[in-house]
Amino acid sequence: YKKKNFNFNYTVTTPSKWFYNLVKKSSLHKNKEIFHIPLNIDTTNWKPRNTDISKEFFKINNDKNILLFGSATSTNDRKGFDFLIDLFKQKNFENSKLIIFGEKPKKIEQLKIEYEYIGRINDIYSLNMLYSLSKVVLMPSKIELFGQIGMEASACGTPSIIFENTGATDYVEHKKNGYLAKYLDIEDYADGINWFLSNDIKYKEISANCHKHIFNNFDDKL
């Protein structure tokens, strides 16, 4: 039935190599023109900012490790906020605080970690500082075609923790500029958070790799 309804000429574009490969294997689309067109970013605007100044701007305690979650559609279960609820019920992370921006998630009051919801952030400079003050971005999306937030954060020198087999693997390399956790695996995801929190020297290397990788591969002037 689907093939019958798609019996016309069309072109498919995909933002990530991961999704491109899925479409190529699809019996529905495999004989159509398929193009991978990656998203780009202006690294003159998105870049690492001073962490202390950024925390002061948002009036955030400078002694805390900031874990960041954000989504324009975080009430959608595919973004994985329910996974974070389960994660923080089972795991504790010392001296850490979760900052949430974008759409207010459902069941936010069930979080078993110190958290603050700061609403929507619309201007690039404020978002840039928000990424820069964060230790790591939590992106537990169950389905993710690319992940704009993760790319923006990486350009600002902040790594992300994602699941394997999502579009964000286009710009996140395991333990080089981020962490690829096993799908919906709480133990592995917690290991990823602790890996970033436990080694400041390694973290500085990871942070530098984040910006460098985006600059070399996704800058809009390429």
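Worth pointing out:
- For segment 105-222, the square roots of the Cα gyration tensor eigenvalues, ordered a ≥ b ≥ c, give a/c below 1.5, which places it in the rounded category.
- Length-normalised contact order for segment 61-193 - Cα pairs under 8 Å, 6+ apart - percent: 23
- Point-to-point label distance, Ile124-Asp82, nm (Cα→Cβ direction, 7 Å offset): 3.7
- Accessible-area composition of segment 80-222, carbon plus sulfur, in percent [1.4 Å probe]: 47
- In nm, spacing of pseudo-spin labels at Ile108 and Asn217 (7 Å Cα→C-beta vector): 3.3
- Solvent-accessible area per residue in segment 155-222 equals 47 Å², computed with a 1.4 angstrom probe and all protein chains kept.
The values are calculated or read from the model by the stated rules, or taken from the named source; none is laboratory data. Here the structure is a predicted model, which is why all the values come from computation and not from measurement. Positions of Cβ are backbone-derived with ideal geometry, glycine not excepted, and every protein chain shown enters the neighbour counts. Calculation scope for accessible area: heavy atoms of the full protein, side chains included, ligands and nucleic acids excluded. Shrake-Rupley method; radii C 1.70, N 1.55, O 1.52, S 1.80 Å.
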